[in-house]
Amino acid sequence: MSGILYLIPTIIADNTQSTQLPIAVLEAVRNTRYFLSENVRTARRFVSSLKVHESIETLSFEVLNKDTLPEQIGGLMLPAREGHAMGVISESGCPGIADPGALAVAYAHSHHIKVVPITGPSSILLALMASGFNGQQFAFHGYLPIDSKNASAVIRELERESQQHHQTQIFIETPYRNDAMLGHLLRSLRDDTQLCVAVNLTGQNETIVSKTVIQWKKEPIAIGKTPAVFLLLAAG
């Protein structure tokens, strides 16, 4: 008999377990002893913080990350094939969204293992909700190129796509490059393009600023090394 695969969201800002995670997360973790995660250390810390198991040492954690090969998934998913509950824990936010957990989910579907997604914080969706941009047509692009020349070319292409399809473009950056990315955006985008920067979502110092590029140039901000989501919507 096949088991079950819980998709367990984690917090996206420090010390927000009590305000951002539903009871369903606690129940899923309580019923699960086998976990897949990008980083075992942070996953163990997260599960321990929920205080639903007497000892973290009784649980099993295996790595599922961007370097995991498709042929390794079967071994990682063995407990579920044997009838046990398993959980996929994202490094931040929801498994399977900008996250390698999709590999386990695809395997579960192909082997008739029940998949149970659980509601939780997603910086991508929260930023879209708070931007005031088009929530009917949008695309998430992950990380943009690092070097300025390629980044500017990609930014201009995203702006063209946004204008053509009235589509919100969403992307993220490594925190220490946030301010450099904002600089690329202000130099590359048209003045009438809408730009939203959502910083430290759900956290104590959450900041969401949404305005035109020309307004950003007049009133720039320093984002710093805090997780941020960038969104743009070109004028039609």
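The values are calculated or read from the model by the stated rules, or taken from the named source; none is laboratory data. The shown structure was predicted, so the numbers you read here are calculated from the model rather than taken from an experiment. Positions of Cβ are backbone-derived with ideal geometry, glycine not excepted, and every protein chain shown enters the neighbour counts.
Summary of computed values
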| read-out | value |
| --- | --- |
| Residue check for Ala180: surrounded by fewer than 21 Cβ atoms within 10 Å (Cβ to Cβ) and either of a type in the set (Gly, Ala, Ser) or assigned by TED's automatic domain parsing to the domain that holds Met86 (or both) | yes |
| Tabulated pairs, the stretch 72-84, first closer than 17 Å to Ser110 by Cβ and in the same structural domain as Leu36 (by TED's automatic domain parsing), second crowded, with 17+ Cβ neighbours inside 10 Å and polar (S, T, N, Q), C-beta under 8 angstrom, 6+ apart or interchain | Leu76/Thr68 |
| The stretch 102-134, residues that are touching a Ser or Thr at 6+ places or on another chain (Cβ under 6 Å) and under 20 Å from Val47 (Cα atoms) | Pro121 |
| Residue in the stretch 75-90 that is modelled with pLDDT under 95, surrounded by 20 or more Cβ atoms within 10 Å (Cβ to Cβ) and either touching a strand residue (DSSP E or B) at 6+ places or on another chain (Cβ under 7 Å) or not β-branched (Val, Ile, Thr) (or both) present | yes |
| Qualifying residue in the stretch 29-44 (condition: small (Gly, Ala, Ser), farther than 19 Å from Ile118 by Cβ, at pLDDT 95 or above and in the same structural domain as Pro9 (by TED's automatic domain parsing)) | no |
| Top-ranked residue of the stretch 39-57 - restricted to ones that are closer than 17 Å to Ile12 by Cα and in contact with a Ser or Thr (Cβ under 6 Å, 6 or more places away or on another chain), ranked as surrounded by the most Cβ atoms within 10 Å (Cβ to Cβ) | Ala43 |
| Some residue of the stretch 224-234 being over 24 Å from the mean Cα position of the chain (by Cα) and more than 24 Å from Ile97 (Cβ to Cβ) | no |
| Residue within the stretch 23-38 that is closer than 25 Å to Pro175 by Cβ, surrounded by fewer than 17 Cβ atoms within 10 Å (Cβ to Cβ) and out of contact with any Phe, Trp or Tyr (no Cβ under 7 Å at 6 or more places or on another chain) present | no |
| Positions within the stretch 215-230 being farther than 16 Å from Ala130 by Cβ, touching a residue at least 24 places away in the same chain (Cβ under 8 Å) and out of contact with any strand residue (DSSP E or B) (no Cβ under 7 Å at 6 or more places or on another chain), in sequence order | Lys217, Pro220, Ala222, Gly224, Lys225 |
| Selection from the stretch 35-54 of residues that are in a helix (DSSP H, G or I), within 20 Å of Pro22 (Cβ to Cβ) and in contact (Cβ under 8 Å) with a residue 12 or more places away in the chain | Ala43, Phe46, Val47, Ser49, Leu50 |
| Residue in the stretch 59-78 that is closer than 21 Å to Val229 by Cβ and either part of a helix (DSSP H, G or I) or not β-branched (Val, Ile, Thr) (or both) present | yes |
| Selected residue [in the same structural domain as Thr16 (by TED's automatic domain parsing), part of a strand (DSSP E or B), touching a residue at least 60 places away in the same chain (Cβ under 8 Å) and at negative phi] from Val88, Val105 | Val88 |
